[in-house]
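Can you keep this structure in mind? I'll have questions shortly.
Each value in this text was obtained by applying a stated rule to the coordinates, not by laboratory testing. A quick note: this is a predicted structure, and the numbers were derived from the prediction, not measured. Glycine also receives a Cβ, built like all others from the backbone with ideal geometry; neighbour counts cover every protein chain displayed.
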Amino acid sequence: MPAILRWLRRTGSARRSVDMRMTVVVERPLNEVFDFCRDFENFPKIVDVLLSVEDSQDGRSHWAVRSPTGDAIEWDAVVTKYVPNAVIAWESVPGSVVRAGGVMRFSPLSGTETRLDVSVTYQALQTDLNEALRALVHSSNATRLRGEVMKAAREVSVAAS
């Protein structure tokens, strides 16, 4: 029985992990898309699972997401790379309850279109049996997040105008 419980915990954690890469084209100029994305507090407006992001504007931020059980999971993150109008990368700080990070790369396609390459990783590092069992029956978090980012690309076009 203990071996089954360990397997369920590992399986639950793996099922809640997200490793997503995608490219979207936003019908806005590069500087507008970059300005919108560099303020992490905009993310909950376009990604439903995010409850809040408090951006301290000094490279640090505090994130809160809704877990599969409906509880809030919170952690701090730091910007690891920042190149204006080109790249923003971040990761959770050591000791966080999640391993999370991402990178956004911005490329102009024209004066009115921007290519946005997004890579996001997220994995809850702590889990209990109920969460592990629930994760086994939930749909893929990556699929949900991918749909939200695609929806967000359309909404950024509207929000930036």
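If you take every residue apart from residue 62 with its C-beta less than 9 Å away from the C-beta of residue 62, what net charge results, scoring Lys and Arg +1 and Asp and Glu -1?
Charge balance near residue 62 sits at -3.
Per residue of segment 72-84, in order, report the coupling 6.51 cos²θ - 1.76 cosθ + 1.60 (Karplus, θ = phi - 60°) as ³J(HN,Hα) in whole Hz, putting x for Gly and Pro.
Those phi angles translate into 8, 10, 10, 7, 9, 9, 10, 6, 9, 8, 9, 10, x Hz.
What's the local net charge at residue 39, with K and R +1, D and E -1, over the other residues with C-beta under 14 Å away?
Net local charge, residue 39 excluded: -3.
What order, most packed first, do the peptides 114-120, 77-83 have when packing is the mean number of other Cβ atoms within 10 Å of each residue?
The packing order, highest mean first, is 114-120, 77-83.
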